[in-house]
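Peer 1: Got a structure for you, written out below as structure tokens; questions coming shortly.
Only the coordinates and a few stated rules stand behind these numbers; no lab work does. Being a predicted model, the structure only gives us computed values, none of them experimental. For neighbour counting, all protein chains shown are included, and Cβ atoms are generated from backbone atoms with ideal geometry for every residue, glycine included.
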Amino acid sequence: MSPLPSPRHFPAAPRAVLFDLDGTLIDSLPDLTDAVNRMLAAWHRPPLPAPAVMRMVGDGAITLVERAFAATGGAVAASWDDLLAAFLADYEPRAAETTRPWPGVTYALARLRGAGLPLAICTNKPAGATREVLDKLNLAGWFDLVVSSDDAPALKPDPAHVRVCLDRLGVGAEAAVMVGDSENDFAAAHAAGVATVAVSFGYARAPLASLEPDRVIDHFHALPAVLGIDPVPPELAGLAPAFATEMARDRQHLAALCAAAGEDAGAALAEQLHATRGKCAMFGQAALAEALHRLEQERGQAGRERFAATLDALLAGAAVHPALTLTKS
């Protein structure tokens, strides 16, 4: 993560966090690309590659439809309203076939909610597709408010979209943070007086530095620290390399034990997980130790594959990106 210069005040203790959806919390490009190409095929138009579709998303569904036809030969003998209706009728029920949250999203949302922060979705995505994605990906329960394209007086980059979220949450602009990935997110937030955090892996059509976010994260494991939740004591900051080495080693060992079968493997897994929790506590990572403890308690109910995936996700940020858990922005 890297701070960028900005005249805006970044709140030391935010009272609410707003999130964009496509490209920020979720990787929805595969489903969007498939839906666009099904629409084009119905009009005997050539398909568009995913990078081309990525440059078209973020400004609302009707703009996506218009851009897709413009890129493949221009308008067709149908009204834009009819084309949009047909596109949404096809896309909305299939909006979560291959769409997935970015790594670390659930971890970050759980940490923010655990700290008592109200969370909101502020998206240009239509309401039907938004509900489908949030429900199918088990993300809906994390949010106090969802404001989609159908619920706002104007879409991002208009600041009215952000202000609707702030008004409904009862939080002032100076106490909120917007997490996004594209120019529309930052333009809307900045115009509303809201500080911003950019994800470096989203669908931005311009270099992030040119969009002037206040903070940039490379992984969602970084977000709690950026927002000032459980800051790391300065005396522990120098332990990041050693902690990363230990977590990388334990992550591999635990993955192998999760894949193994038999009673002995189960006992070895429990023993190693306990040792990993102890290392987290020793290195000052109390929140990660607590998350591992909760996961250990739920191991019997979680299912083998889900347990292994959740465990790997918890350790990924610490093992691969030590600065994300041991450095405060």
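Peer 1: Return a whole-number percent for the relative contact order of the chain, with Cα pairs under 8 Å and 6 or more residues apart as the contact set.
Peer 2: 21
Peer 1: Next question. For Trp102, what residues show an amide H to amide H distance below 5 Å, using hydrogens built from the backbone and excluding near sequence neighbours?
Peer 2: Ile26, Asp27
Peer 1: To the nearest Å, what is the center-to-center distance of region 200-223 and region 149-163, using C-alpha atoms only?
Peer 2: Value for the Cα centre distance between the two parts: 21 Å.
Peer 1: Over the chain, what is the percentage of antiparallel beta bridges among all DSSP beta bridges, to the nearest 5?
Peer 2: DSSP beta bridges in the chain are roughly 20 percent antiparallel.
Peer 1: A further question follows. Would you please put 92-101, 22-31, 129-138, 177-186 in order of how densely packed they are, using the mean number of other Cβ atoms within 10 angstrom per residue and starting with the highest?
Peer 2: Highest to lowest by the protection proxy: 177-186, 22-31, 129-138, 92-101.
Peer 1: Once you keep just the Cα pairs under 8 angstrom separated by 6 or more residues, what percentage relative contact order results for region 1-101?
Peer 2: Numbers: 78 pairs, mean separation 35.3, N = 101.
Value for region 1-101: 35 percent.
Peer 1: Another one. May I ask for the Kirkwood hydrodynamic radius of the chain, worked out over all distinct Cα pairs and given in angstroms to one decimal?
Peer 2: Details: mean 1/r = 0.0473 Å⁻¹.
Kirkwood radius, the chain: 21.1 Å.
Peer 1: In addition: Rounded to the nearest 500, what is the chain's calculated 222 nm mean residue ellipticity when only DSSP H runs of at least 4 contribute -39500 (n - 2.57) each, over all residues?
Peer 2: The helix contribution divided over the chain gives -15500 deg cm²/dmol.
Peer 1: Say each of Asp82 and Ala267 gets a label point 7 Å from the Cα, pointing the same way as Cα to Cβ; how far apart are those two points in nm?
Peer 2: 7.2
Peer 1: OK, next. Starting with the highest mean, order 204-212, 103-111, 255-263, 35-43 by the number of other Cβ atoms within 10 Å, averaged over the residues of each peptide.
Peer 2: 103-111, 35-43, 204-212, 255-263
Peer 1: Sequence gap at least 6, Cα distance under 8 Å: using those rules, report the relative contact order of region 190-311 to the nearest whole percent.
Peer 2: Relative contact order comes out at 16 percent.
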